[in-house]
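Enquirer: The following block contains the structure, expressed as structure tokens.
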Ligand code: KG4
Ligand code: ZN
């Protein structure tokens, strides 16, 4: 079965073709980063309009790469939520229209399910059950993943998501948008130990996170310093160390609590180099396995949506070509 996946929940248009026997056949992405950069963040209306321009040309491109025709598509998966309402509507309506024209089933996918299943696209995928740490721009949560569609929330952020904290901190350090990659690059130039920032909720005894206080601590520190290039790098490093330490400690606590020894790290922040180095070192030391998607499938992409759709559609009852979007949607209710 050949599944077309369409991702348009935020500022990346992603499309992919996943074949249930042959695996990922083709994928393409258009990032809107340069378009939003001059505004310092995502402008929802601009995002929707750009998705409209990109989805069909990108789809034609991957069909050509895969040497397939539209008529070879057996099912279509789109991101139903969570995300920006207008942006989601673009993917949903194009998916439903294509499905109607081709008379193939269409399925709405949860964006975070896409993220947490992305490591299953790799050659050595984790077996179920596993713990997933989902750290993206809009979400930070720890899940117990027992099977496709069986997700239990173990803990989550009480305020900012990890990616949001990276983005806001980068902005207040003058590092621009998108903040996560920029802050992480600057942290590479930092000197460890010059600044020490708080580790929020490290010892809270539960699996929840809180990152807004960390951002405020950076703001206070930044006001006390002359922000030359080296100082910005040192603060960026102190911030990154704090966030990585909290994420690592909570993920390990989730493994202890569930008795599992497989951890998946997914979502945009999972692309962070220091985070990966810390998690891999901890895994080797403490005897658990850690799985990441390849870097390009850490951030938003169509491959994870095509894959999640392919896994779901086997058990789904086709609902015709009505479509729906859910800008707010809890993963554990899917
Ligand atoms: O998963 P994603 O592409 O989109 C959402 O679903 O939100 O995640 C985007 C988030 C942004 O906040 C971005 O700054 C962060 O992931 N990010 C990073 C890195 N690459 C992306 N944060 C830290 N280090 C990175 N290398
Ligand atoms: Zn995402």
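Each value in this text was obtained by applying a stated rule to the coordinates, not by laboratory testing. Since the structure is predicted, the reported quantities are computational estimates derived from the model, not experimental observations. Here the Cβ positions follow ideal geometry from the backbone for every residue, glycine too, while neighbour counts run over all protein chains shown.
Enquirer: What FRET efficiency do you get for residue 128 and residue 1 if R0 is 22 Å and r is their Cβ-Cβ distance, rounded to the nearest 0.05?
Expert: So, using R0 = 22 Å, E works out to roughly 0.55.
Enquirer: Another one. Could you give the length gained on full extension between residue 328 and residue 257, defined as 0.36 nm per residue of separation minus the Cα-Cα distance, in nm?
Expert: Extra length from residue 328 to residue 257 when fully extended: 22.7 nm.
Enquirer: Moving on to the next point. Given axes a ≥ b ≥ c from the Cα gyration tensor, I'd like to know whether the range 45-139 is rounded (a/c under 1.5), prolate (a/b larger than b/c) or oblate.
Expert: The shape class here is oblate.
Enquirer: Along the Cα→Cβ direction, 7 angstrom out, place labels at residue 146 and residue 202. What is the inter-label distance in nm?
Expert: Computed distance between label sites residue 146 and residue 202 equals 3.4 nm.
Enquirer: Under a point spin-label approximation (7 Å from Cα along Cα-to-Cβ), what is the residue 85-residue 219 distance to one decimal in nm?
Expert: 2.8
Enquirer: With an 8 Å cut-off on Cα pairs and a minimum separation of 6 or more residues, tell me the relative contact order of the range 257-308 in percent.
Expert: The normalised contact order for the range 257-308 reaches 46 percent.
Enquirer: May I ask for the distance between the Cα centers of the range 20-47 and the range 77-135, given as a whole number of Å?
Expert: 14
Enquirer: Could you order peptides 259-268, 129-138 by the average number of other Cβ atoms within 10 Å of their residues, highest first?
Expert: My ranking of the peptides, most packed first, is 129-138, 259-268.
Enquirer: Normalised by the number of residues in the range 128-292, what is the relative contact order in percent for Cα pairs under 8 Å and 6+ residues apart?
Expert: The normalised contact order for the range 128-292 reaches 28 percent.
Enquirer: I would also like to ask the following. Ranking 315, 36 by Cβ neighbours within 10 Å, fewest first, what do you get?
Expert: The most exposed by this proxy come first: 315, 36.
Enquirer: How far is it, in nm, from the label point at residue 21 to the one at residue 61 when both lie 7 Å from their Cα along the line to the Cβ?
Expert: Each label point lies 7 Å from its Cα, and together they span 3.0 nm.
Enquirer: In nm², what is the average projected area of the convex hull enclosing the Cα atoms of the chain?
Expert: 16.4
Enquirer: Could you bin all the Cα-Cα distances of the range 128-292 into 10 Å bins starting at 0 and give me the percent of pairs in each, rounded to whole numbers?
Expert: 11, 42, 33, 12, 2, 0
Enquirer: Can you tell me the orientation of helix 273-286 relative to the chain, as the angle in degrees between its alpha-carbon axis and the longest Cα principal axis, to the nearest 10?
Expert: 80
Enquirer: With 10 angstrom as the radius, rank 15, 269, 43 by how many other C-beta atoms surround their C-beta, starting from the fewest.
Expert: Lowest count first: 43, 269, 15.
Enquirer: What does the extension gain come out to for residue 103 and residue 273, with contour length at 0.36 nm per residue minus their alpha carbon separation?
Expert: Contour length minus the Cα-Cα distance gives 56.8 nm.
Enquirer: Here is a follow-up. Among 112-124, 51-63, how do they line up by average Cβ neighbours within 10 Å per residue, starting with the highest?
Expert: My ranking of the peptides, most packed first, is 112-124, 51-63.
Enquirer: Report, in deg cm²/dmol and to the nearest 500, the calculated mean residue ellipticity at 222 nm for the chain, where each DSSP H run with n ≥ 4 adds -39500 (n - 2.57) and the sum is divided by the residue count.
Expert: -13500 deg cm²/dmol, from helical runs alone.
Enquirer: Just need the relative contact order of the chain here, percent rounded to a whole number, with Cα pairs under 8 Å and 6+ apart.
Expert: 26
Enquirer: Would you mind ranking 68, 10 so that the residue whose beta carbon has the fewest other beta carbons within 10 Å leads the list?
Expert: Placing the least packed residue first, the sequence is 68, 10.
Enquirer: Angle, helix 44-65 long axis vs. longest principal axis of the chain, Cα atoms, 0 to 90°, nearest 10?
Expert: That helix lies at roughly 60 degrees to the long axis.
Enquirer: Follow-up. Between 0 and 90 degrees, rounded to the nearest ten: what's the tilt of helix 302-313 against the longest Cα principal axis of the chain?
Expert: 60
Enquirer: Using per-residue counts of other Cβ atoms within 10 Å, averaged over each peptide, order 176-184, 234-242, 282-290, 221-229 from highest down.
Expert: Packing proxy ranking, top to bottom: 234-242, 176-184, 282-290, 221-229.
Enquirer: Also, quick follow-up: Mean 1/r over all different Cα pairs, inverted: what Kirkwood radius does the range 1-90 give, in Å?
Expert: By the Kirkwood definition, the hydrodynamic radius is 13.5 Å.
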